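The values are calculated or read from the model by the stated rules, or taken from the named source; none is laboratory data. Here the structure is a predicted model, which means the values were calculated and not measured. Positions of Cβ are backbone-derived with ideal geometry, glycine not excepted, and every protein chain shown enters the neighbour counts.
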Amino acid sequence: MKFIILGCGSSMGVPRADGFFGNCNPKNLKNLRSRCSAIIIGKSKNILIDTSPDLRQQLIKNKIKKIDTVLYTHMHADQTHGINDLRIFYLRNKKKIPVYADTKTKKYLLKSFSYCFQKNYDYPSILKLNNSKKKFTFDKSIKIESIKVGHGSINSLSYIINKKLAYLPDVNKIFKKDLKKFKKLNYLIIDCLRYKKHSSHFNLDDIFKLNKLLKPKKMILTNLHSDLDYDDLLDILPKNIKPAYDGLTVKI
Ligand SMILES: [Zn+2]
């Protein structure tokens with residue numbers, strides 16, 4: 001089984017739509033960051049996490065030919081607005097793709113993308129919307145636990161896969177009662193927006209604290225804003241922490 005970080009950029013991506021690279025060296029391809037999505041490639045099932053506005057390009061680049069299920073982390077535009085790119089996978093499967101989301105995200109998806117869930121003129125609905133579950137099993141061997149984390153004024157769902165890899169792309173608080181679940185994992189893939197504090201994302205200082213507290217074997221930083229250059233980060237990070245780049249793949 002493998003886990004691919006399809007996109008690791010913050011909400012506007014790097015470069016932004018106006019070409020702005022911030023502090024990122026435009027010559028380093030690892031600084032070209034699309035908006036956050038990830039996918040679990042199992043034996044027979046592919047499970048997508050979030051539908052980034054850059055989803056189409058991410059799927060082409062990584063040669064993903066099918067999507068069996070979608071798990072959403074939260075309702076923000078940079079996690080949801082690529083939803084229309086799922087249409088081809090409905091057509092290939094000839095069945096609605098199950099989508100799982102928390103209550104707020106469900107409401108947002110239904111309001112903003114109703115045509116994906118309800119038949120509309122000549123076009124069939126392509127997705128089936130479900131309440132998120134605490135535990136999912138796919139392919140018998142992929143076990144995923146969803147855990148609520150704080151993300152500014154809303155909550156976001158994080159996912160822990162086979163008790164080995166946690167994915168928390170948008171988070172500024174892990175609740176005390178859940179801390180033990182995130183300890184000593186093989187991979188902690190986690191939000192590190194920028195150097196400065198932010199009200200709804202972890203920053204680099206938070207990451208150093210979490211590294212001491214949670215002791216992951218490897219930490220991979222995602223949701224990276226344009227002030228975080230890949231090589232600059234590598235210079236200052238401890239050995240077990242690495243910045244993500246689009247397409248980074250880990251075996252679980
Ligand atoms: Zn967000």
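Every condition in (1) in contact with a strand residue (DSSP E or B) (Cβ under 8 Å, 6 or more places away or on another chain); (2) within 16 Å of the ligand (Cβ to nearest atom) is met by Lys135 except one, and the failing one is (2).
Counting only residues that are in a strand (DSSP E or B) and among the basic types (Lys, Arg), how many does region 113-139 have? Going through region 113-139 one residue at a time, the tally reaches 2. Against the numbered list (1) of a type outside the set (S, T, N, Q); (2) in contact (Cβ under 8 Å) with a residue 60 or more places away in the chain; (3) more than 16 Å from the ligand (Cβ to nearest atom); (4) buried (at least 22 other Cβ atoms within 10 Å of the Cβ), Ala166 comes up short only at (2). From the list Ser153, Ser141, the one residue that fits, being farther than 23 Å from Ile83 by Cα, surrounded by fewer than 18 Cβ atoms within 10 Å (Cβ to Cβ) and within 16 Å of the ligand (Cβ to nearest atom), is Ser153.
The residues of region 24-45 that are in a loop (DSSP other than H, G, I, E, B) and either surrounded by fewer than 15 Cβ atoms within 10 Å (Cβ to Cβ) or within 16 Å of the ligand (Cβ to nearest atom) (or both), listed by number, are Asn25, Pro26, Lys27, Asn28, Ser34, Cys36, Lys43, Ser44. Within region 60-76, the set of residues being away from the ligand (no atom under 16 Å from the Cβ) and either within 16 Å of Leu110 (Cα to Cα) or part of a helix (DSSP H, G or I) (or both) comprises Ile60, Lys61, Val70. I'm trying to understand the selection: among the residues of region 7-23, which are within 16 Å of the ligand (Cβ to nearest atom) and touching a strand residue (DSSP E or B) at 6+ places or on another chain (Cβ under 6 Å)? Listed by number, the residues that qualify are Gly7, Cys8, Gly9, Gly13.
Per this entry, Lys148 is not counted among residues that are touching a Gly at 6+ places or on another chain (Cβ under 7 Å) and modelled with pLDDT of 95 or more. Of Leu48, Leu110, Leu86, Leu91, all but one fail to be more than 16 Å from the ligand (Cβ to nearest atom), in contact with a helix residue (DSSP H, G or I) (Cβ under 7 Å, 6 or more places away or on another chain) and either modelled with pLDDT of 95 or more or part of a helix (DSSP H, G or I) (or both); the exception is Leu110. When region 187-210 is filtered for residues that are touching a strand residue (DSSP E or B) at 6+ places or on another chain (Cβ under 6 Å) and either more than 16 Å from the ligand (Cβ to nearest atom) or without any contact (Cβ under 8 Å) to a residue 24 or more places away in the chain (or both), the ones remaining, listed by number, are Tyr187, Leu188.
Per the listing Gln79, Gln57, the residue uniquely within 16 Å of the ligand (Cβ to nearest atom), within 25 Å of Leu228 (Cα to Cα) and either outside any loop (DSSP other than H, G, I, E, B) or small (Gly, Ala, Ser) (or both) is Gln79.
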